[in-house]
Amino acid sequence: MTAIPKPARGTAAAAKRKRRMALERADRDENTHVTARSGGRCELREVYADSIVPYRCTDRAVHVHHRIGGRGRRGRGESAAARAKLHLCARCHEDIHWGRLVPAGAYWRRGW
């Protein structure tokens, strides 16, 4: 019986680390596009039942929120693109994650 040789020690871990670093770098690059687009203001727009004009939060944005989420998906592929992210203030970001704000309209199918 022939033995299958093992890969060189540390090769698999180094390759995995290199892939992860490339994904993180791409995610950070897209985050700079998001922060430039927002101008430092929260991008959340709320529409109330008694109004047709969306209200835009005026707080300073500090978090980048991935609208497309899921285990192993955040920061990869479509989720890493600037068009799939929002620059949010801490209050709005918390409200989204706690379910106090829910997406409506076009965002409903794709998440926030």
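Quick one: which of W112, W108 is at pLDDT below 60 and under 20 Å from T32 (Cα atoms)?
None of the other options fit; the residue is W112.
Going by the conditions given, is A12 at pLDDT below 85, of a type in the set (A, V, I, L, M) and surrounded by 10 or more Cβ atoms within 10 Å (Cβ to Cβ)?
yes
Would you please list the contacts, defined by Cβ atoms under 6 Å and residues six or more apart or on different chains, that run from a residue in the stretch 78-96 that is closer than 14 Å to R28 by Cα and modelled with pLDDT under 90 to a residue that is in a helix (DSSP H, G or I) and of a type in the set (V, I, T)?
What qualifies is A82/V34; K85/V34.
The values are calculated or read from the model by the stated rules, or taken from the named source; none is laboratory data. From a predicted model like this one, the values you see are computed outputs, not experimental measurements. Please note: Cβ atoms are built from the backbone with ideal geometry, for glycine as well, and neighbour counts cover all protein chains shown.
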